[in-house]
1. For segment 275-308, name all the residues that are on the phi > 0 side of the Ramachandran plot and modelled with pLDDT under 90.
2. Can you spot a residue in segment 220-232 that is farther than 25 Å from Tyr338 by Cβ, among the aliphatic types (A, V, I, L, M) and modelled with pLDDT of 90 or more?
3. Could you say which residue among Ala352, Ala322, Ala343 is surrounded by fewer than 22 Cβ atoms within 10 Å (Cβ to Cβ), outside the structural domain of Gly238 (by TED's automatic domain parsing) and at pLDDT 95 or above?
4. When only residues in segment 309-319 that are more than 28 Å from Asp358 (Cα to Cα) and small (Gly, Ala, Ser) count, which is modelled with the highest pLDDT?
5. Residue check, Glu446 against (1) touching a Gly at 6+ places or on another chain (Cβ under 8 Å); (2) at pLDDT 95 or above; (3) not hydrophobic (A, V, I, L, M, F, W, C), all met but one. Which one?
6. Is it the case, given these coordinates, that Leu272 is crowded, with 19+ Cβ neighbours inside 10 Å, at pLDDT 90 or above and not in a loop (DSSP other than H, G, I, E, B)?
7. Looking at (1) closer than 23 Å to Leu104 by Cβ; (2) more than 20 Å from the chain's Cα centre (by Cα), find the lone condition where Thr316 falls short.
8. Can we say Asp130 is at pLDDT below 95 and out of contact with any strand residue (DSSP E or B) (no Cβ under 7 Å at 6 or more places or on another chain)?
Amino acid sequence: MSGNDMGVTLGSIYPHLIAVAAVLVPLAVAFCIWRAVTSARTPQGAVAWVVFLLAAPWFALPSYAILGHHKVRGYKAARRDSRRVVKALADFADEHPVSQDADLGQGAFERLADMPAVGGNSVDLLIDGDDAFAAMMAAMDRAEHYLLVQFYTFADDDLGGRFADRLIAAAARGVTVRVMYDGVGSYGLSSAYTRRLRDGGIETIDPHEARGPTSRRQVNFRNHRKTIVIDGREGFVGGLNVADDYVGKGPFGHWRDTHLALRGPVVAQLQLIFAEDWHWATGHEIGPGLDWRPVDEEANLAALIVPCGPGDDFDTGALFFAAAIAEARERLWIASPYFVPDAEVLSALKVAALRGVDVRVLVPDVADHTLPWLAAFAYFDEIRAAGVKVWRYTSGFTHQKVVLIDDRIAAVGTANFDNRSFRLNFETMAMVFDGAFAGRVAAMLEADIARALPLEKDLSEQKWKVRLGAPLARLLSPVL
């Protein structure tokens, strides 16, 4: 076919393509508008999508296809299926209840978790990567039957290599090892790394093939959990990922993070969440092969695992923080790398400060992700006006996710104080209802605040890039 013939052919096709697009695009826009109006969480969100779809349909349609849904429908069924497999947990929890006479403030959190707070636990506070990973690796070396490992990010670097060595060594001595990671969080993970794990006898989930929130196809829904369970007896959860950055070898230098080491009945709850995620990603039920009866610990702390995610009937991530704010009477301290709340949680935080609660927010002074860092400045003025104190950590980067309520409740886990953790990510928060443990968390945060500077300038006094960028970044807050 000559160039002229091809030009004639293409020229004859273009009018037909334009005609088809002229019909299909308005239909697609109308369908998405209907979906936005009927399923958006807030009227403001619905209006924003409607305006976007009408004003710029060529950009808005692909955006809505990726970002316009905030629930993973199939996850609900998978959770129910997995719960049926591990019914022994419910029976076991009844054997280790927190005294009904003791009001520890656990009620709302129990309903969010759909699990009871349980006694008989010990909880160790692990501050920063070196100590935390030393504890994790020592526990992995103690594994006799199985290891359940889940992180948002694995990296093929020095820490990732040493971590893989421990996993492979466990598999070599007959331990069943299952590893799960997120397709976006571990986007740069080399095929050589995963092949090494599989060749070492480790069961891993390929995010390309997973059906659930580890999949790269579910771009807007991320599995942000970081969990290790050893033989059903020991567990770890917190903010750390498996990469050199998390032990201070990245561009930020010191990486401030917090993890927990758990023993006792609460480990069964952490294990349940892993079993549910594994079932959702693979369709395989691993619950019957796991130990659901960890022994009581002498420390006898009351604890609860609160899983959050877009597969829940409620926006459990947002409600977790709302419940924490409502529970505070004297003190509410929140440490998070990001501060991008929705309107309801923002209002609750301001009300807490207005009624006299000592509300402090600890955030990093430097940015690892520019948009959420900028967006936070768009909220700081109004919370400071209500009496919230904002502290900016200057000794490296703080990535910890910690909530301290009065002198009696502390929570450590994976959920950030932002819309993504509120509604789009699958998260895990471990709550401890104990005054002595809360005191240890308070001392830790006081040390962090000593390495931070109070925010004293309004947005109008910030550098021009922040003054201009913050309001624009706030427009994207629903997905930050």
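The values are calculated or read from the model by the stated rules, or taken from the named source; none is laboratory data. Keep in mind the model is a prediction, meaning the values are calculated, not measured. With ideal geometry, Cβ positions are generated from the backbone for all residues, glycine too; neighbour counts draw on all protein chains shown.
1. Of segment 275-308, the ones on the phi > 0 side of the Ramachandran plot are 283, 300.
The one that is on the phi > 0 side of the Ramachandran plot and modelled with pLDDT under 90: Gly283.
2. Yes - at least one qualifying residue is present in segment 220-232.
3. Result of the check over Ala352, Ala322, Ala343: Ala322.
4. Pass one, segment 309-319, residues more than 28 Å from Asp358 (Cα to Cα): 309-314.
So of that shortlist, the ones also small (Gly, Ala, Ser) come out as 309, 311.
Values: Gly309: 88, Gly311: 79.
Applying the filter and picking the extreme gives Gly309.
5. Every listed condition holds for Glu446 apart from (1).
6. yes
7. (2)
8. Answer is no for this residue.
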